[in-house]
């Protein structure tokens, strides 16, 4: 099974992104925040954002790659039909810590 995020699975348009941030529900966890809203599609769309004060471009990009991997690896287990935005905050978290927290947030949202 292919696990990469396709073009259709990325949240790209300004209108869609605004709807997640304006009318979406918010769940906060250690080192991250999940915003989500129903999208009336048969698949989820994803967006990863890093905090402005995260650090250098290298650290921001690594955090984005880790977050995208979290989306990809949990994709088969997720309930479909949501726009999801994950805001990643700075902090020295391992991949397993981020993964655990991410799964907790998805569980609280009823997506996992």
query = Is it true that residue 100 is without any contact (Cβ under 8 Å) to a residue 60 or more places away in the chain, touching a strand residue (DSSP E or B) at 6+ places or on another chain (Cβ under 8 Å) and in a helix (DSSP H, G or I)?
reply = no
ask   = Only one of 26, 22 is without any contact (Cβ under 8 Å) to a residue 12 or more places away in the chain and outside any strand (DSSP E or B); which?
value = 22
key: Filtered residues of region 60-85 (kept if part of a loop (DSSP other than H, G, I, E, B) and surrounded by fewer than 14 Cβ atoms within 10 Å (Cβ to Cβ))   = 79, 80
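With the requirement that a residue be crowded, with 17+ Cβ neighbours inside 10 Å and at pLDDT below 95, what does region 86-97 give you? Outline the logic, then answer.
Step one: of region 86-97, the residues crowded, with 17+ Cβ neighbours inside 10 Å are 86-88, 93.
Correct list: 93 only.
One line per residue, one yes/no per condition, for (1) over 17 Å from residue 112 (Cβ atoms); (2) modelled with pLDDT under 95:
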site	(1), (2)
4	yes, yes
11	yes, yes
21	yes, no
37	no, no
53	yes, yes
64	yes, yes
67	no, yes
71	no, yes
77	no, yes
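Return the residues of region 44-59 that are in contact with a strand residue (DSSP E or B) (Cβ under 9 Å, 6 or more places away or on another chain) and either crowded, with 18+ Cβ neighbours inside 10 Å or not in a helix (DSSP H, G or I) (or both); say none if nothing qualifies.
Of the residues in region 44-59, the ones in contact with a strand residue (DSSP E or B) (Cβ under 9 Å, 6 or more places away or on another chain) are 44-51, 54, 59.
Within region 44-59, 44, 45, 46, 47, 48, 49, 50, 51, 54 meet the criteria.
The values are calculated or read from the model by the stated rules, or taken from the named source; none is laboratory data. Computed from a predicted structure; not experimentally measured. Please note: Cβ atoms are built from the backbone with ideal geometry, for glycine as well, and neighbour counts cover all protein chains shown.
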